[in-house]
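One structure is given below, encoded as structure tokens.
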Amino acid sequence: MSSDNLQIESSAQTIRRSLKHQGESFAEFWRRFRKNRAAVLGLSIVIAFSSIAILAPVISPYNPFDIHIQDFTQVYLPPDNLHPMGTDQLGRDVLSRIIWGARVSLMVGLAAAAISAAVGMTLGAVAGYYSGRIDNAIMRFVDMFLTIPTFFLILTIVAIFGGSLRNVMLVIGLTIWPSTARLMRAEFLSFREKEFVQAARSIGAGDRHIMFREIAPNAIFPAIVNGSLQVGSAILTESALSFLGLGDPNNVSWGFMLNDALGSFLRAWWLSVFPGIMITLVVVAFNLIGDGLNDALNPFLKER
Amino acid sequence: MPDALMEVKNLKKYFQVEHGPLSTYRGKKEFVHAIDDVSFTVRRGYTFSLVGETGSGKTTTARCVIRLIEPTSGQVNFDGRDLLSLNKDELLKTRRNMQMIFQDPYASLNPRMTIGDTIELPLKIHKVGDARERRATVMDLLDKVGLTPPSQYIDRNPHEFSGGQRQRVGIARSLASKPELIIADEPVSALDVSVRGQILNLLQDLKKDFGLTYLLIAHDLSVVRFMSDALGVMFLGKLMELGPSEAIFEKPLLPYTQTLLASVPLASDAMKRGRPKLKGELPSPISPPAGCRFHTLCPWAQERCRKEEPAFIDHGDGHYAACHYVDEIQQKL
Amino acid sequence: MTEDTVLSVRDLKTYFYTRKGVVKAVDGVSFDLHKKEALGIVGESGSGKSMTCFSIMRLVPDPPGRIVGGEVLLNGQDLLRLSSREIRKVRGRGISMSFQDPMTYLNPVMRVGDQIAEAILLHNNVSKARAFEMAVEAMRLTEINNPEKRAHDYPHQLSGGMRQRILISMALACDPDVMIADEPTTALDVVVQKEILNLLRDLRNELLTGMIIVSHDLGVVAEVCEKVAVMYAGSIVEIATTQELFENPLHPYTIGLMESIPRPDRGKQRLLTIQGAVPDLINPPSGCKFHPRCPYAVTECRIGLPGLEKAEGDRYVRCIKYAEIQKTRRS
């Protein structure tokens, strides 16, 4: 197309451009995010749970590991004044376990998402920037990962290497990174040809400068949005692992609580309902944040 | 006549065409002849323009000269040294002396960097001065390109400014490392008409104040005429006509150039004189026509034009043209 | 308004409601278009020229835009008062439009002949085969060589100039009363541009259709139109014949534009430019919107928007001092 393509915009385009914020301050972005009630709700839930997790030793009414097998009067207690969420089959206070379980869920979720981000962003950036054979190699690697059913891969690895928290974090993180890589690659591919990048190259900027200081600050947003969604997904995966009994038995996990609740669903509803609600809440919260981030970063899409 | 600041010799750039696995051309090696043996000289202190339409290769030439794209073959002698033979470090040093202004003011500035950081970039990369000195230089540059007071601009982001202002930032950036040669790739095409004049005036002033040499890539002939001392007309990867700007505008020798000049809206009657009516479709750059590249469109085309590529010869006073029948056509007009 | 007035726009206002405020994209635009007349609307970005045309066609994106006032009379009928269904009948038949960038306005997976036929089928009760024939005829009208064959091509197989001709064919396929061409040559090379302009000129001579050519390039408009309206910041500031506009521009903005364009016949003299930049449409300057940039501005210019007054003959100017300015320039 002739270079005339870039000529005078119609007023519609002028208006559209003013709505598509590029490079504006955090305050602007925050204002847009704040307008999305659902996203703010999500953020509040996450903050609440994070606080609970951090303050667990302080606010937990009982020791979550306190077993009272001997004392039959303490087991399977329905929710009451002493135990607002009841007790489980070993007499442990459910509320305390919920509180401590928040730690595990959030830790695993955030760590897994962080690992995924680290690996995915790096590989995606390199693939998108260098293109050609390196891109092909990395993308084939990604494809390989995508063809393996992730959950079964995780199951297998955990079954072989054990379900310690560290293993679980690592294994989840190392299996969900392909989507981040793809997003990052797409952004890098598109930004690589932009004029301001050409300008930097013509000045003499090297690859490192261009990748980190020119492209990355612009390219990172879809990956961040994806990251938020991945936290939720990682929490779900961890819960599923624990539910199947493959998680870390030394830690309290909501998934494990569900595992404990197997068989007593009708008898002691509080053993499954409360952990279930918590998992749902947190995962939905992260999804809402992800949506909110997306809308706040791409306001034009929402307008239409 | 001033000496040559840059000499481009026999520059070629071929892009390989990629065919998908299902294409009928699979396996066949085809090349887009983006630039096919182009040579010209840019004299110190001059503004030399490359003119042409889409597909002429003028933008590719600019990018090859600054080595944003690596040419397939040829020489680019800049200040005595062949740019294409330099290694990374030497190239970096030479880059200080040769900078580029880009076309789209909305895309040529990093939206996440402040204007000050953008202009400072060349200084940082070439390690000129310390932070304080650099900032002072940036303020000075903002002043020189008409963005005053500089403090109102230096720490803000590009999106707060208009196209014209952004283009000034781009110009300031290109001046930061005190280059001798500036390659301006369609510097005003993307700007409003009323702003173009401001930027064109600015470019002329800066040229005088800093003793710059410009290589201008443009398709708007009015802009070219206003700015250029010499120009070259490109078509389908080849230089067809070259010479002093006024000579070409007064007496275009090539049918293609005549058509270009006559097609400018508001062309004067003198420019419209002898406008040949082009027929046929633009040939493909993958398999350019044999003989003269323009022959499929040229109303004067003869047998010889289909078979033999015309030589690029001097028709007096440095006015070169590649056409077999220059004199005959001139007589007919 | 005379008998052969085919389109009459009266005080058209289109505003955009954005978070940053109300953008007055079109702020009181009025003009008439007659049969067989070619009117050029010239302006820069933000002038409202394209938005005026979108408003006439009722193609304004709502939200955030909205036509808030005025009348658009096509053969006496006010298009702004029609229902969605009724306006759809008018689009393509009563008024049609061709757009700036043919590549984005053509469906890449449909043959061009079919795309034109689609337009025909929407307004005519004919068979598909017949519609295709009519599409080929429309292509012939825009001087496309070998239209029977070309109609089976896909957009990517055609050159830029050809695609623009297809868009124009689509616009003319149903023999509209008014055709609007929005920046018909901006995306094209200069030689092809010339051909398209020649085409538009021929069409204007042959057909009864009234034409509106919108462009930022005065030269383009000068090649086809006999009358030109200059827009600035949402309003028309001057209407004159092409010749009058070039020989004797009255409005300071037009004068400034003329002086700032490098013209082949002006050599290398420093260009006289217009100070400043296009104004903010959310908070436009008080009074005359051009006054902050006007070298002739006086205090009165800040108070009250000047009306579009009749100047000599059939010319209109939106400037209270045009007569004095003219005298100063003549001396």
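If you build a Gaussian network model of chain C, linking Cα atoms that sit under 10 Å apart, which residue out of C:Gly307, C:Gly234, C:Gly160 swings the most?
C:Gly307
Calculate the tail of P(r) for chain B: the fraction of all Cα-Cα distances greater than 34 Å, expressed in %. Spell out each step's value before the answer.
Values: 16345 of 55278 pairs.
Of all Cα-Cα pairs in chain B, 30 percent lie more than 34 Å apart.
Pairs to check: B:Lys58/B:Lys332; C:Lys49/C:Lys289; B:Lys208/C:Lys268; A:Lys194/B:Lys12; B:Lys307/C:Lys149. Give those whose C-alpha atoms are more than 20 Å from each other in this structure.
Violating the 20 Å Cα-Cα cut-off are B:Lys58/B:Lys332; A:Lys194/B:Lys12; B:Lys307/C:Lys149.
Looking at region B:130-249 from every direction and averaging, what is the projected area of its Cα convex hull in nm²?
Values: hull surface 35.3 nm².
Its Cα hull, projected and averaged over all orientations, spans 8.8 nm².
When you have a sec, figure out the Kirkwood radius of region A:26-108 from all distinct Cα pair distances and drop it here in Å to one decimal?
For region A:26-108, inverting the mean 1/r across all distinct Cα pairs yields 14.6 Å.
In debye to the nearest 20, how big a dipole does region A:84-146 give about its Cα centre with +1 on each Lys and Arg Cβ and -1 on each Asp and Glu Cβ?
Here the size comes out at about 80 debye.
What would the Debye formula give as log10 I(q)/I(0) at q = 0.10, 0.12, 0.19, 0.20 Å⁻¹ for the alpha-carbon point model of region B:44-167, no solvent?
-0.41, -0.60, -1.20, -1.24
Indicate, rounded to the nearest 5 percent, the antiparallel portion of the DSSP beta bridges found entirely in the protein assembly as shown.
Of all bridge pairs located within the protein assembly as shown, approximately 60 percent are antiparallel.
Over 5 Å intervals from 0, what percent of Cα-Cα pairs in region B:107-178 sits in each interval?
Cα pair-distance distribution for region B:107-178, in percent: 3, 20, 34, 26, 13, 3, 0.
Can you sort C:Thr241, B:Thr257 by how many other beta carbons sit within 10 Å, fewest first? Provide the component values of the computation, followed by the final result.
Details: C:Thr241 15, B:Thr257 22.
Ranked by crowding around the Cβ, least crowded first: C:Thr241, B:Thr257.
Where Lys and Arg each count +1 and Asp and Glu each count -1, what net charge lies around A:Gly255 among other residues with Cβ under 12 Å from its Cβ?
-2
Write down, largest first, the equivalent ellipsoid semi-axes of region C:133-213 in whole Å, where each equals the square root of 5 times an eigenvalue of the alpha-carbon gyration tensor. Spell out each step's value before the answer.
Numbers: eigenvalues 67, 55, 21 Å².
Each semi-axis is √(5λ); the values are 18, 17, 10 Å.
Where does the charge balance sit around B:Ser108 when Lys and Arg score +1, Asp and Glu -1, over other residues with C-beta under 10 Å from its C-beta?
0
Taking the Cα centre of chain C as origin, work out the dipole magnitude from +1 charges on Lys and Arg Cβ and -1 charges on Asp and Glu Cβ, in debye rounded to 20.
Around 800 debye, computed over chain C.
Give me the net charge for the shell around C:Leu122: Cβ to Cβ below 12 angstrom, other residues only, Lys and Arg +1, Asp and Glu -1.
+3
Note down the relative contact order for region B:107-178 as a percent, whole number, built from C-alpha pairs under 8 angstrom at least six residues apart.
On the way: 82 pairs, mean separation 33.7, N = 72.
Relative contact order of region B:107-178: 47 percent.
Give, in whole angstrom and from largest to smallest, the semi-axes √(5λ) of the equivalent ellipsoid of chain C, with λ running over the eigenvalues of the Cα gyration tensor.
Sorted largest first and rounded, they come to 36, 23, 18 Å.
Quick one: compute a quarter of the convex hull surface over the Cα atoms of the protein assembly as shown and quote it in nm².
Values: hull surface 198.3 nm².
Average of the hull's projected areas for the protein assembly as shown equals 49.6 nm².
Hey, with R₀ at 35 Å, roughly what FRET efficiency would A:Leu146 and B:Phe15 work out to, going by the Cβ-Cβ distance, to 0.05?
0.65
What number do you get for region B:76-141 when its Cα radius of gyration is normalised by 2.2 N^0.38 Å, N = residues?
Taking N as the residue count of region B:76-141, the ratio is 1.31.
Given C:Pro306, A:Leu262, A:Ala186, which one lies farthest toward the positive end of the charge dipole of the protein assembly as shown, if we put +1 on the Cβ of every Lys and Arg and -1 on the Cβ of every Asp and Glu?
Positive-most Cα among the choices belongs to A:Leu262.
Can you tell me which of C:Val72, C:Val126, C:Val192 moves the most in a GNM of chain C? Springs connect C-alpha atoms under 10 Å apart.
Of C:Val72, C:Val126, C:Val192, the most mobile in the Gaussian network model is C:Val126.
Just want to confirm a number: the relative contact order over chain B, from Cα pairs under 8 angstrom separated by 6+ residues, in percent.
19
Taking each residue of C:268-275 in turn, how many C-beta atoms of other protein chains fall within 10 Å of its C-beta, and what is the average?
On the way: counts 8, 1, 6, 8, 2, 9, 6, 2.
The mean count of partner-chain Cβ atoms within 10 Å per residue comes to 5.
Just counting partner chain Cβ atoms within 10 Å, what average do the residues of peptide B:58-71 show around their Cβ?
Going residue by residue through B:58-71 and averaging, the value is 1.
Using the C-alpha atoms of chain A, what convex hull volume per residue, in cubic angstrom, is computed?
Looking at chain A, the number lands at 177 Å³ per residue.
Using Cβ contacts closer than 10 Å as the measure, can you line up B:Thr259, A:Thr147, B:Thr148 from fewest to most?
Details: B:Thr259 22, A:Thr147 7, B:Thr148 12.
Ranking B:Thr259, A:Thr147, B:Thr148 by Cβ neighbours within 10 Å, fewest first, gives A:Thr147, B:Thr148, B:Thr259.
Starting with the fewest neighbours, write out C:Lys327, C:Lys194 ranked by other beta-carbon atoms found within 10 Å of each beta-carbon. Before the final figure, lay out each step's value.
Details: C:Lys327 9, C:Lys194 24.
Ordered by Cβ neighbours within 10 Å, fewest first: C:Lys327, C:Lys194.
Report, by chain and number, residues whose modeled amide H sits under 5 Å from the one on C:Gly65, excluding near sequence neighbours (fewer than 5 apart, same chain).
C:Tyr17
Output the 0 to 90 degree angle, nearest 10, between the alpha-carbon long axis of helix C:112-123 and the longest principal axis computed from the alpha carbons of chain C.
It is inclined by approximately 80 degrees.
With unit charges on the beta carbons (Lys and Arg positive, Asp and Glu negative) and the dipole taken about the Cα centre of chain C, which residue among C:Met97, C:Gln275, C:Gly76 sits farthest to the positive side?
The Cα lying farthest towards the positive end belongs to C:Gln275.
Every number in this text was worked out from the coordinates using simple rules, so none of it is lab data. Since the model is a prediction, treat every value here as computed from it, not as a measurement. Every residue, glycine among them, receives a Cβ derived from its backbone with ideal geometry; neighbour counts consider all protein chains shown.
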